[in-house]
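The values are calculated or read from the model by the stated rules, or taken from the named source; none is laboratory data. These figures come from a predicted structure and were not determined experimentally. Note: ideal-geometry Cβ built from the backbone for every residue, glycine included; neighbour counts use all protein chains shown. Just so you know, the surface numbers come from the protein's heavy atoms only, side chains and all, with ligands and any DNA or RNA stripped out. Shrake-Rupley method; radii C 1.70, N 1.55, O 1.52, S 1.80 Å.
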Amino acid sequence: MPPFKDEQIIIIAPGSETTVAQLGLPESFTPARTRVRSRMFPAEKEGEWEPYKVRRRQENTATKTGEAQNGAPGAERAAGEDEDEEIAYEEDRVSEEGAVWPLQEGKIVNWSCFFALITHVYNTMNPPFHTPILLIAQPAWTPREHEKLTQFFFEKFKTPAFGLMDAALATCWAYGVHTSTVVDVGKDKVDVTAISEFIPHTQGRVVALPGCGGEALTQGLLSKLRSKGLNRDMCEQLKKNVICEMLPVGVSLPGIGNLSDQDLVTNPAAAASTGALGSGPAAASAIGNAPRGPGADTEVGDDINGEDNDGVLDVASIVAGGRMEEYLAKIDRQKQDKAVAIKKGPAALAAQAKAMKLPNSKREKASFMYEDHALLDTLKGMNLGKQGMADAQAALDEGPQKKGQDGTDGTDGEPKSVVEAVEPGSATSRAGSIRREIEVGPERFQAGSGGVLEKIADAVHRTISSVSEVNKRSELWDALIICGNGSRVRGFKDALLSTIQAKYMISPSSATIFTSEIPSNISTPTGTGANTPQPQLGPHGGSSQVNPLLLAATTAQNPHLMHPGSNPLVNLSSHSSHSSHGQTPTSIKLVKTPEYFPEWKDVGFDESAFLGAQVAAKVIFVVDQGQSKGYMTRPDYNDQGPTGIHDYSL
Amino acid sequence: MNIPNSSTAPNAGEYAGDEVSAIVLDPGYSTTRAGFAGEDVPKSVCPSFYGQIDKDSSSHYLFGENAIHDPLGNLQIKNPWGSDGIVENWDTATKVWEYAITSRLTGSRPSHPAKNGLNDANTNGNGESVDVDMEGLENLENTEKPLGDSPLLMTEPGWNSVKAREKYIEIAMEEWGTPAFYVQKTGVLAAFASGKASGIVIDVGASHTSITPVLDGMVLRKGVQKSPLAGNFVSNQIRLIFKQAQPEIPLTPHYLVKSKTQVDAGTPAQATYRTYDIPPLDSFRRNEEERVLTEFKESVVEVWSGNGRFSNAANEEMAARLPGRPFEMPDGWNQLFGAERYRAAEGLFDAGAALHDADNPKPKDEHTIPRLIQAAVQQVDADQRPLLLSNIVVTGGSTLLYKFNERLNNELNVIYPSTRNKLIAPGPLVERKYAAWIGGSILASLGSFHQLWISRKEYEEHGTNIVEKRCR
């Protein structure tokens, strides 16, 4: 009889941006059901925290329009009734102004806020008693912090059992591999961990490499697009859109094919200037750019650009400035212009349709729907009446009529993000939001222009080079796992892999084959000083008529040339075939994603640490009945105190 | 799961230890090791190098692996250790060590107890709360010191000066606020790690090679030998090999290469290079080059372990016939290294075989490892020598050079043909690299060790020179 049942287990995985959690393990493992933004708002009293922003409502409008002012039902909450009946508060579930993010770069920077967040997550799940908790630990957390967390969980939630699991290790479990290099791309940081035989190499592990996560990508976009009037929020949404893509090394940006070999990083000026070429004649001849229609169309394009620079993208300030009518009139005019243009040139329309069919990476321009929170906030701040609010929203929202176009953009078969799939109430479908269409040029491919990929590639190289068992390294290079929500940007993984390969792959030396009979990585033993026996050539049997040494001499240094299974040397145990102390990597591969989790397949394996935690929770809490000491029980805690956790964590 | 591994601490009571959660700090030239006593590997291994950016007459310091490999403009890489194997720059050494402790062990300085959410359980019941209270009066916000509740065991090289030792305890007590302190020599600890109370410890590190005779857990101070022929010396030898090759072999570190193209062996590299608007300074480049050299040491360099020395003409010929090993530079240049690969480490054993030029003078003969061992053994009573020679503990990262132990064994048998010479070189690499730390971890978790700690009270009563009386 296992001590716990599947449906009792709680898994919490805190992240800098999103904290995911789940109560109970389903029959087939699913992505986390509870998703909470990792932020809290300071409450009235210092040291206390609220999960949503609490706005103090103006007294005069409070009584009349309060109910409908935002979409969140039941947000009304009266506080401080004893002092003043007139002061009312409401919760704003959308706004994040003034939020405190307790996790930064994976480190816990504000403990009371973090504890409040965990408490909020815990209460959201509304668990019964007798629920064991498995917490996914960020690599940046120190042993002392593990103790602190242990103390918190036992004393606050009175949990009967508590386990800590390293995020990288959990990812390993999810993929079902014992040896791998896990590259976890988070919000502000990247962790790179070499794991061999389920043991993370703590020495030389790259923990919380700053400036490399999803936020850096947003900033990369922002640095390219700021001159066009886009702000951070727009770039963040652009990054999450399918039109934003990272291209592998050597793939040129559409519209600037002539620059294909040039360095994106060292030529920001060139790249930026080519963006301006967009409406000029030069770009028209470039790859993938459909020729534009007669004069009118280009005029419209230029017009929009000009307006962008004047700050039309910042509708919020226009509205705040009371010039909303004016702005709406202008928009109307533009729409009419566009319609005229389309009528004028059916050729242009056809060309546009053709451009739509091109893959995103070949199209020079693409547009996406932007959800303008700032505008919404401004409108709320203006204290319009219920009707006024709805009118303004309807007038400003460009969403619905452009929906069709947006749809064609999204037909690339990209899996919907977990956020959208799991939490219907978030992101795009949030009620009451105002959407506007924004068109961007090739800058959308330059999210990594800040050198993010190079930095991560270097971190991977450092991590694997610091594994002192030289013979394990090639195995680690062959088992890269790139995960984390920062890597969700389209094309990120391939781009990173190709960056690593371009820079670190050791190609077969032309010197070896002709000067030595056997490649040295087979004949010479390990760097440990222990003599590794020459591989026994027994098992190859009659499967191949080729002299194995000759075959090895020609192919051993570039194993990708070998047909899997056809080479006798490959069939030797992995131990002896990796006994070289030659240079690594001679090949670099990603680990194949696991295939038997249908629910995860749909959303991608970016949060595979959570999947791994589900697998691990099943094993440590249920299957092996506590034999493996994968968790600490309440009596253990009473005996040993918080420091005992080190004996139990995975 | 329950397989004891590097991240699980041994069970309480395994070392007869009671829970004091002491921290063991083993600072070295290349890396600084820190971890909790009782564990089998240091959880925190940080580079001792640090970055410095001078801007507007003030210096900005950067610590940790991530920072020192980030090619920032005007970044220079420095090391607090002096060329004599004693800490030179105390301010930054303190910061480097503190970083090693706080980044991976204790976490950054906790916020004020009233705010950290644990005030209800803020037990400080080990009797050491006195100093916290006293300090607390002055500045409530900033008094939580990194080691407020952990005793600290530090290691020191065998030749550490009295001044340096006193500085150690001063830093630990004043800056870090540790309740108890002890300092022990690396040699003794490395012997402990191998389970020996007596023996000769040969420690080949990055900046120095040291030979420490240990008898019954005590260092024979006059027998301690050190020389600068160690890992960095081998690196410089490799640089010389590159420089003296025809044509000269270019050494381009990774950060300057954008992507490389495959080229034939020996032909010039055809890589695309990166340029920086404000490049880091030369010391950064040198540190990055060291990464390439480390790779070269791991995959190409071999210590000659045949008959006699490598410089014998017959041996060179024999080496030339052995299969060479290929090496590819970050920029794609590649070549097969034949007999040269034996030359890089030969200088450790044979001063005459070392390469030299104007910047790298010829090493002195008495600095080679065999001479050092001889000199060390010479200082020991004749009747103790066989005991020591049968317990020769080999430790330090540079002993991982391929075939190092075979060669050392050969050399020893030439010098001492009549005794039973036994090398003790742990197989697991972590034990070889971190032997001194592991010894410290064992020592600090021994129940009987607790009487040796220098407590804060004693320090306050006697001052810094108590370390000279208590830690021998």
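Calculate the all-directions average of the projected area of the range B:188-265's alpha-carbon convex hull, and give it in nm².
8.4 nm²
Once the gyration tensor of the Cα atoms in the range A:130-265 is diagonalised, the equivalent ellipsoid follows with semi-axes of 38, 20, 13 Å, ordered largest first.
In this structure, the residue pairs whose Cα-Cα separation is over 28 Å, taken from A:K228/A:K589; A:K493/B:K433; A:K189/B:K78, are A:K228/A:K589; A:K493/B:K433.
At a 1.4 Å probe, what is the % contribution of carbon and sulfur to the accessible area of the range B:231-347? Here carbon and sulfur together make up 51 percent of the probe-accessible area. Heavy-atom accessible surface of the range B:358-407, averaged per residue, reaches 42 Å², computed with a 1.4 Å probe. Other residues whose C-beta falls under 13 angstrom from the C-beta of B:K469 contribute a net charge of -1, scoring Lys and Arg +1 and Asp and Glu -1.
Take each residue in B:317-328, count the other chain C-beta atoms within 10 Å of its C-beta, and the mean is 5.
Hydrodynamic estimate: the Kirkwood radius of chain B over Cα pairs, inserted into Stokes-Einstein at 10 °C and 1.306 mPa s, corresponds to D of 66 µm²/s. For the Cα trace of the range B:330-472, dividing Rg by the Kirkwood Rh returns an Rg/Rh value of 1.09. Interface between chains B and A: roughly 5800 Å² of accessible area buried, both sides summed (probe 1.4 Å, protein heavy atoms only). Comparing the full protein assembly with the isolated chain (1.4 Å probe, heavy atoms, ligands and nucleic acids excluded), the residues of the range B:40-66 losing at least 30 square angstrom of accessible area are B:K43, B:E65, B:N66.
A cut-off under 10 angstrom between Cβ atoms defines the neighbours of A:G211, and their net charge, with Lys, Arg +1 and Asp, Glu -1, is -2. Computed from the Kirkwood radius of its Cα pairs, the Stokes-Einstein diffusion coefficient for the range B:22-90 at 20 °C and 1.002 mPa s stands at 160 µm²/s. Just list whichever of A:K239/B:K43; A:K472/A:K601; B:K55/B:K95 have alpha carbons separated by over 26 Å in the model shown. Correct reply: A:K239/B:K43; A:K472/A:K601.
Using equal-weight Cα scatterers in the Debye expression, the normalised intensity of the range B:231-347 in log10 at q = 0.13, 0.20 Å⁻¹ is -0.54, -1.14. The value of relative contact order for the range B:231-347, using C-alpha pairs under 8 Å at least six residues apart, is 34 percent.
A simple charge model with +1 on the Cβ of Lys and Arg, -1 on the Cβ of Asp and Glu and nothing else charged puts the dipole of the range B:231-347 at about 40 debye relative to its Cα centre. The label-point distance for A:E7 and B:N413, in a model that sets each label 7 Å from Cα toward Cβ, rounds to 7.2 nm. The accessible-area ordering, largest first, of the residues B:R221, A:R39, B:R309 stands as B:R221, B:R309, A:R39, per a 1.4 angstrom probe.
All other residues whose Cβ lies under 14 angstrom from that of A:A137 are scored, Lys and Arg at +1 and Asp and Glu at -1, for a net of +1.
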